[in-house]
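The values are calculated or read from the model by the stated rules, or taken from the named source; none is laboratory data. These numbers come from a predicted model, not from an experiment. Every residue, glycine as well, gets a Cβ built from its backbone with ideal geometry; the counts of neighbours run over all protein chains shown.
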Amino acid sequence: MRIPCPYCGSRDIGEFVYRGDASPVRPAADGAEAAMFAYVYLRDNPMGRHEEHWYHTQGCRNWLVVTRDTLTHEIPSARLAAPLNAGDAV
Amino acid sequence: MSRLASGGLIDRTRRLRFTWDGKALEGYHGDTLASALLANDVRLVARSFKYHRPRGILTAGAEEPNALVTLGSGAHADPNTPATTVPLTDGLVATSQNRWPSLRHDVMAVNQFASPIFVAGFYYKTFMWPKKAWEKLYEPLIRRAAGLGALSGLPDPDSYDREHAFCDLLVIGGGPAGLSAALAAGRAGLRVILADDGLEPGGWLLSCRDTIAGQTASNWARIAVAELGIMANVRVLPHTTIFGIYDGCEYAGVQHLGAGQPEPGQPRQRLWKIIASRALLATGAMERPIIFGGNDRPGVMMASAASSYVNHFAVAPGRRAVVFTATDSGWQTARDLIGAGVEVAAVVDPRGGGVPVDMAGIRRVRGLVRDVRGSAVRGADIATPDGKVERIDCDLVAMSGGWNPAIGLAAHLGQKPVWSEAIQSFLPGALPPGLAAIGAASGQFALGAILAQAHGAAAALAETLGAGGHAGEPSVAEDEACGVAPCWHVAGARTKAFVDFQHDVTDADVALAAREGYVSVEHMKRYTTLGMATDQGRTGQLNGHALLAAATGKTVAEAGTIRARPPAQPVAIGVLAGHHRDEAFRPARLAPSHGWATALGASFTDAGQWKRAQWYAQPHESDWLETVNREVLATRNAVGFCDVSTLGKIDVLGPDAGALLDRLYINTFSTLAVGKARYGVMLREDGMVMDDGTTTRFAEDNFFLTTTTANAARVLQHIDFARSVLWPDLDVQATSTTEHWATFSVAGPQSRALLADLLPEIDLSNAALPYMGARRFRWNGISARIYRLSFSGELAYEISVPADHGPALAQALHEAGATPYGTEALGVMRIEKGHPAGNELNGQTTAADLGFGRMMAKKKDFIGKVMAQRPGLTDPARPALVGLKPVDRAQRIRAGAHLLPVGAKPVAANDQGHVTSACFSPTLGHAIALGLLAHGPSRHGEQVVVHDPVRGADVLAEVCDPVFVDPEGVRLRG
């Protein structure tokens, strides 16, 4: 498998670390325990397109949001998780 | 000898000697082991898997199910190699397998007389009782009786290589389609890799008598390969099998190097990982056997293989042949045999029709070969439609039941093949992304059409991919007849008729599976083991499916076919491992003082990938404990030093660095003064402790973190996640500097005096550099850092210099009189001080469990805060950190032992925790330990039983504070 890293180009999957579903958002400070519980533990297991967090540990060290088809392993796109700040060199 | 007087592609000027079962034989350069054996009239080459039936050579290619041999001997022995794929080399040693005492007289051949009980499912039905006997008795016996060649059991003496390649177009197979496509794509300017699994590229062109562009087909192939060889944008990989297609247009192949035996100093095989934008499947087709009685006897051969042996290798596989064919290509084999002087007694064809004009005088029989006679073929019984049976004497039966496109690779990503009425076989349906099939693999069997189709496909790809060059014109050849009317099964055979030759699966086994309800091809496969041998049923699979379809009243299309999975061919484990074996199994990271420590005679231990000095034994010391005790006492009483460079080091820089650390750690760092260090604990979001370490603030916007050795990479990943996913608004960067700094801990009451001599430019007084103070300085003109940190509990400093100056600093500390100590002494001193380390930070402990509960800030948010407050994680009954001392001080406590109340039965219900770390404390003179004990902090002074059923008796221990030495911290502040 290969991931099209927006910073480095198409790279082998061995350079990346998988984290999982990119959709849960960390609840704000002092949020209820139930919201944090859902954020930490509850995940869907969807069939088809899925947005996931991957870390380019042996490359640019960017966290990526990778769109992967869980059925075909097709990876149509990947973007940086953190938007580049104005003035950051690419 | 069966060698023909002339013809073939062998080099008759190069005689090669080889041995077969110890007997000296000769062949020529260009032979395979199989063709050389046939040339020497060796027809019996193997015993079958289950029945130990005599077997000969069935095919001329990698699909060979019968002729498995062991090459070489001793550590080099390579079992289960198809003789058809072995290039003959001078001095080759080959032996037969699965026979005792000899190939000709194999006592296990009695199995075939007991065959009525060895039917499908036999083992499941027979060896059920008693259950215990399966593992101890039945399985070892069955494994010894049924089987393949034996492994040497010795380490593999050969080496293996690995290479990655990228190309625009990968052409899989170098037959007519592959060569034609590679030529077109190469001329057009694409970056092309052509992988061919034959000993020489050319595929069927090396075995046929067709002409292409006025040349013999084999000549055309050699000229094409030569042209490809001089194109800078084309790479030809001969003797390379593509065995798998993976996600992302990745193809894996194995290249066999050095004509079967590696050349000195060279690898035996090379693993190729090829990333190809596009690929063309030009793997050709494989001929189907026909299921009739005795179709496995030596002397029964695929018709195409017979043509191959005659045309390619100049070997007559028999003297008098019966050709049994349901295809037009079988008639071509009859022509080839006649041309080689082999008498063709009859061509048996179930289809009606006459004899081609060029074969006048050849006898055509409309009928079926029902049985062959003889242990090796001596004759064939021909059944004709009028019900008569005629016996024809012969020593060769060449059979052709049809052609199966070799499309296994096309299904590796889950695509299903589809049935083609036109060719009466399966073709690729949907294909993996980027892959297209050409030639026989796409159902196109006529040579002229193949050349044109493959050329057109490659030229179109070149245009799509924007190659600028001109693909040229396709070579021209005539289209031969390729009609087929499949003949799946001959009914009424008097003797065993095999479907899967390698696993000894007969037509009766398939019928039995159907009767017993295994009506899906996947179930039938597993019940009968059809297609589960090393050849993966390449020859017999589809015949089996057709039999099952007939038995269940379905069409072959309805019955479907099984799913092909990688690897398409057996792959040696060694080539997958490549260079990653023995000491190169994984990378070794060496601490800066490694060379210096080695010279001093240190022993090393693995800490992840790091090699760390474990202790520095002196010549008179008889035992590691003596060494470690000396190192601990030297540090506690004078001064010692230890390389702690392996701890993870992370530089955090930016205006929001303090804010980020506040959210990462349970305690607060934004308030830390510049020039000060603070111990911190970080949690996972689920509330468990993730890591700990000290962090130093060198500037308002610059913090320097340390992590445990094991978690360095994970913590950096965690920090990057926090700053780019959780809080991208924070202006902060982080980078690893672990390998940049050599850091030594200098510990002991005399450490200040020693360093004052060594570093006179620094004021080391308590006022200038108090406990948890830090500053930058220059040592011999290079940047350096000093921290007043202590893991040992002594007055201690950590000094960092750039990594390549580490050995010089180690040398200087040693010469100044400090005693080097290793990780074992480091561990003893941290247990004496009750510091948690890897054994306690085990992913199941909370900050409160480890005594850091009060460090958790109340007023700020941090990762893990909410989850750590769940009732289950704040329960005082949770096992928490305590110290343990044996009541009888002479006794020893071992890590891993469980903690039980005194007098309680040693059962899981009474378990109250376990010992996490234990050692002998030379400072105290007895064993000590750290453990996690339920209600631990409130039980100091109580006694518990340390229960260690695996390694010894119970020990009575006293629960105490985990800090054994200097609990007030007087020494480290001294």
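So which residues in the range B:814-827 are outside any strand (DSSP E or B) and surrounded by fewer than 24 Cβ atoms within 10 Å (Cβ to Cβ)? Once the filter is applied, which keeps residues that are outside any strand (DSSP E or B) and surrounded by fewer than 24 Cβ atoms within 10 Å (Cβ to Cβ), the range B:814-827 yields B:His814, B:Glu815, B:Ala816, B:Gly817, B:Thr823, B:Glu824, B:Gly827. Just give me the residues in the range B:85-111 being surrounded by fewer than 22 Cβ atoms within 10 Å (Cβ to Cβ) and either part of a loop (DSSP other than H, G, I, E, B) or at pLDDT 95 or above (or both), in sequence order. B:Thr89, B:Asp90, B:Gly91, B:Gln97, B:Arg99, B:Trp100, B:Ser102, B:Leu103, B:Arg104, B:His105 - these are the residues of the range B:85-111 that are surrounded by fewer than 22 Cβ atoms within 10 Å (Cβ to Cβ) and either part of a loop (DSSP other than H, G, I, E, B) or at pLDDT 95 or above (or both). Restricting attention to the range B:159-186, the residues being surrounded by fewer than 24 Cβ atoms within 10 Å (Cβ to Cβ) and either of a type in the set (Phe, Trp, Tyr) or farther than 29 Å from B:Glu263 by Cα (or both) number 3. Does B:Gly896 count as more than 23 Å from B:Ala848 (Cα to Cα), in a loop (DSSP other than H, G, I, E, B), out of contact with any Phe, Trp or Tyr (no Cβ under 6 Å at 6 or more places or on another chain) and not aliphatic (A, V, I, L, M)? Taking the combined requirement at face value, the residue does not satisfy it.
Among the residues of this structure, B:Gln912 counts as one that is away from chain A (no Cβ under 14 Å) and not β-branched (Val, Ile, Thr).
Counting only residues that are buried (at least 16 other Cβ atoms within 10 Å of the Cβ) and in a helix (DSSP H, G or I), which one in the range A:1-39 is farthest from the other protein chains (Cβ to nearest Cβ)? Among those that are buried (at least 16 other Cβ atoms within 10 Å of the Cβ) and in a helix (DSSP H, G or I), it is A:Glu15. Listed by first and then second residue, the pairs with beta-carbon distance under 9 Å, at least 6 apart or on different chains, first residue in the range B:396-407 and more than 21 Å from B:Ala446 (Cβ to Cβ), second of a type in the set (Lys, Arg) and in a strand (DSSP E or B), are B:Leu396/B:Arg320.
Just to check your reading of the model, which residue among B:Gly456, B:Gly448, B:Gly468, B:Gly439 is touching a strand residue (DSSP E or B) at 6+ places or on another chain (Cβ under 8 Å) and not aromatic (Phe, Trp, Tyr)?
Answer to the selection: B:Gly448.
When the range B:232-250 is limited to residues that are more than 14 Å from every other protein chain (Cβ to nearest Cβ) and more than 25 Å from B:Leu447 (Cα to Cα), the one that is surrounded by the most Cβ atoms within 10 Å (Cβ to Cβ) turns out to be B:Phe243.
Residues are listed down the side, and each one gets a yes or a no for (1) within 14 Å of chain A (Cβ to nearest Cβ); (2) surrounded by 19 or more Cβ atoms within 10 Å (Cβ to Cβ):
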residue: B:Ala607; (1), (2): no, no
residue: B:Arg636; (1), (2): no, yes
residue: B:Asp643; (1), (2): no, yes
residue: B:Leu660; (1), (2): yes, yes
residue: B:Val689; (1), (2): no, yes
residue: B:Thr709; (1), (2): no, yes
residue: B:Ala713; (1), (2): yes, no
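Which residues, counting only those in the range B:836-851, are over 18 Å from B:Ala607 (Cα atoms) and either among the hydrophobic types (A, V, I, L, M, F, W, C) or buried (at least 19 other Cβ atoms within 10 Å of the Cβ) (or both)? Hits for the range B:836-851 are B:Thr845, B:Thr846, B:Ala847, B:Ala848, B:Asp849, B:Leu850, B:Gly851. Restricted to the range B:345-360, and to residues there that are out of contact with any helix residue (DSSP H, G or I) (no Cβ under 8 Å at 6 or more places or on another chain) and hydrophobic (A, V, I, L, M, F, W, C), the residue that is surrounded by the fewest Cβ atoms within 10 Å (Cβ to Cβ) is B:Val357.
Among the candidates B:Gly22, B:Gly30, B:Gly8, single out the residue that is in contact with a helix residue (DSSP H, G or I) (Cβ under 8 Å, 6 or more places away or on another chain), in contact (Cβ under 8 Å) with a residue 60 or more places away in the chain and of a type in the set (Gly, Ala, Ser). Matching residue, one of B:Gly22, B:Gly30, B:Gly8: B:Gly8.
Scanning the range A:48-77 for residues that are touching a helix residue (DSSP H, G or I) at 6+ places or on another chain (Cβ under 8 Å) and at the interface with chain B (Cβ under 9 Å from one of its Cβ atoms), which turns out farthest from A:Tyr7 (Cα to Cα)? Here the residue is A:His53. Every test in (1) farther than 23 Å from B:Val801 by Cα; (2) out of contact with any Ser or Thr (no Cβ under 7 Å at 6 or more places or on another chain); (3) surrounded by 22 or more Cβ atoms within 10 Å (Cβ to Cβ) is passed by B:Glu631 save one, and that test is (2).
Only one entry of B:Leu672, B:Leu660, B:Leu625 meets the criterion of being part of a helix (DSSP H, G or I), modelled with pLDDT of 95 or more, touching a Lys or Arg at 6+ places or on another chain (Cβ under 7 Å) and not polar (S, T, N, Q), and that entry is B:Leu660. The single condition from (1) more than 14 Å from chain A (Cβ to nearest Cβ); (2) surrounded by fewer than 23 Cβ atoms within 10 Å (Cβ to Cβ) that B:Ser307 fails is (2).
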